[in-house]
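Reading through the structure tokens given below for one structure.
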Amino acid sequence: MEFNFHLKMFNPLYWHIKEALRNEKIRYILVEGGSSAGKTHSICQALLTDQYEHEYSSMIFRRQHVDIMDSVYSAFDMTATDLQMKGYYHFQQDLLKSRDGKANVRFRGLDNEENIKGIGKFNVVFLNEWSQFTEDQWGQARKRLRGKVNQKFICDWNPISSKMWQYSNWIDRDEWIDLPLEVQECPSKYSSLNSEYAFKRINKAGDTIWLKVTYRDNFWIVGHPSGTGGMVDQHVLNDFESDRIHKPNLYRIYANGERGIQRTGGEFWTQFNEVKHIRTFEWQADNLLHVVLDNNYNPYVSTQIWQGDTINMRMRQYDEIICESPDNSAKKAAQRLVKWMRRIDYKDVVYLYGDATANAHTTVDENNASFFDKYIEVLEDEGYHIVKMVNRSNPLVALSGEFVNDILEMGYDGWEIEINERCKVSVEDYVMAKKDPKTGGVLKKRIMNKQTGQSYEPYGHLSDCMRYFVCTYLKDEFQQYSERNRRKITYL
């Protein structure tokens, strides 16, 4: 059979995947991005056309078999219809069987672990919605795809959380090099991805292509750049615009394809808004350094770096230093801060804030030094003058939370809070920290690290840092706020 396709049938992503499928050096093709980006559709197009041309078969996995029929199987069905290839494929349960038997598509769910066996005979394994798979399943699949030339994995997903193992244990451990956003060998001049939101990267080893796309790369949402073809879906565009205004976190994830955190309700920081409060700004060299410290060892020792601006009445969190093991000690955390200050050539006074309980003396060493004592000692040995701003007791959690929330919502007393976009762990904490319905404080549930056997509180510590800084930096304002709240009258 012979097929003829109009070039305007394909989004730019199609051409990038086709190019990677023909490159024998590439083992992994990773495709992330927002909703309505056409990720799965373009992958289906690329696989159906490429395996027809080069006579090979593909295996398609979903985490749960029950999800196959209404998701990726349906996508292949629709794509084959659009490409007018249904005469070549016979659609059976969990199988697209080609007329000549040379380009089949098999579907399986990994709720049955045995299904991962026997994939060596396939050239391409496509893990649809990669974020739903476990790291162990990914490891087993990689070991079993072997024995043929040019075998590949394709993975697609929405970046619903920055905590996904796919980032921390796979993607973020690699080094990446940006590639051109258009395909030179493409027969169409419309292969260029959106330069503002999309990217295309290759890892240092040269065996992985990583692509990010958004709805702006889908010609059936924004229209074809030629002016004809595709369509403008105004309903989808209006929905994204509504999310931008009312649900900024969803907009970041599903419109812009950025790593995000899904809100589930009951947040402690009810007035924290990613669009309103997250900014991109540079370090003000003529301003002083405010360091906030939380000494919980697990999951990490938290260090936040702030600057205050009394002229413009704003407090800015410029950076964060997350000290996980083996850096989660007073000495090593302080050394990380010293390294950071040297990088920006900071030599002035350091104002130090933090948890009052870290002032307590310890019996760990012979000098009974507190966490703060040991932390400050490292900084002073490096020649820094430290002004200790740690209070004798911590501010009441519920009241200080209300104070900060009022600043976030309406600029209480004229003050504003801005968070640098680089502070990704802090932002996740501000979104995920929950309110204790009994006390009004931060609900700190403990979870178990299966690898180390240690329990820890995943959220709340960086939120504590923000409370310590704001309520101490605005000490007089917080005192007045406390007095006003104490004078309230409630009638039941």
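The values are calculated or read from the model by the stated rules, or taken from the named source; none is laboratory data. Predicted, not measured: the structure shown is a model, and the values here were computed from it. FYI the Cβ positions are ideal-geometry reconstructions off the backbone, even for glycines, and counts take in every protein chain you see.
Annotation: of all residues in the range 261-278 being touching a strand residue (DSSP E or B) at 6+ places or on another chain (Cβ under 6 Å) and surrounded by 13 or more Cβ atoms within 10 Å (Cβ to Cβ), the one that is farthest from residue 248 (Cα to Cα) is 268. Can you tell me which residue is nearest to the chain's Cα centre (by Cα) among those in the range 320-338 that are free of Cβ contacts under 8 Å to residues at least 24 places away in the same chain and crowded, with 19+ Cβ neighbours inside 10 Å? So, considering only residues that are free of Cβ contacts under 8 Å to residues at least 24 places away in the same chain and crowded, with 19+ Cβ neighbours inside 10 Å, the one nearest to the chain's Cα centre (by Cα) is 321. Do we have residue 280 as within 18 Å of the chain's Cα centre (by Cα), of a type in the set (Val, Ile, Thr) and modelled with pLDDT of 85 or more here? Criteria met by residue 280.
Restricting attention to the range 161-188, the residues being under 16 Å from the mean Cα position of the chain (by Cα) and buried (at least 16 other Cβ atoms within 10 Å of the Cβ) number 7. Within the range 201-236, being within 30 Å of residue 151 (Cβ to Cβ) and buried (at least 17 other Cβ atoms within 10 Å of the Cβ) holds for 201, 202, 203, 208, 209, 210, 211, 212, 213, 214, 217, 218.
Condition check for residue 175 on (1) in the same structural domain as residue 30 (by TED's automatic domain parsing); (2) at pLDDT below 95: one failure, at (2). Scanning the range 2-26 for residues that are assigned to a loop (DSSP other than H, G, I, E, B) and modelled with pLDDT under 95 yields 2, 3, 4, 5, 6. Pairing residues of the range 1-25 that are at negative phi with residues that are of a type in the set (Ser, Thr, Tyr) and in a helix (DSSP H, G or I), at Cβ distances under 7 Å and at least 6 apart in sequence or on separate chains, gives 11/42; 13/42; 14/42; 17/42.
Of all the criteria given as (1) exposed (fewer than 13 other Cβ atoms within 10 Å of the Cβ); (2) among the hydrophobic types (A, V, I, L, M, F, W, C); (3) within 19 Å of the chain's Cα centre (by Cα), the one not satisfied by residue 253 is (1).
Pairs are defined by a Cβ separation below 6 Å, a sequence spacing of at least 6 or placement on different chains, a first member in the range 375-396 that is within 19 Å of residue 297 (Cα to Cα), and a second member that is crowded, with 19+ Cβ neighbours inside 10 Å; the pairs so defined are 375/330; 375/334; 378/334; 390/354. You will find that of 123, 128, the residue that is touching a residue at least 60 places away in the same chain (Cβ under 8 Å) and within 20 Å of residue 200 (Cα to Cα) is 128 and no other. Of the strands (runs of 3 or more DSSP E) contained entirely in the range 48-98, those carrying at least 2 residues that are without any contact (Cβ under 8 Å) to a residue 24 or more places away in the chain and farther than 24 Å from residue 37 by Cβ fall at 89-92, 95-98. Candidates 166, 64, 151: the one that is in the same structural domain as residue 38 (by TED's automatic domain parsing), of a type in the set (S, T, N, Q) and in contact with a helix residue (DSSP H, G or I) (Cβ under 7 Å, 6 or more places away or on another chain) is 166.
Taking the condition out of contact with any Asp or Glu (no Cβ under 7 Å at 6 or more places or on another chain), in contact (Cβ under 8 Å) with a residue 60 or more places away in the chain, closer than 29 Å to residue 244 by Cα and β-branched (Val, Ile, Thr), does residue 280 pass? So residue 280 does not fit the description; no. Every condition in (1) under 17 Å from residue 321 (Cα atoms); (2) modelled with pLDDT of 95 or more is met by residue 459 except one, and the failing one is (2). In the range 113-136, the qualifying residues are those that are among the polar types (S, T, N, Q) and under 29 Å from the mean Cα position of the chain (by Cα), and the one that is nearest to residue 68 (Cα to Cα) is 128.
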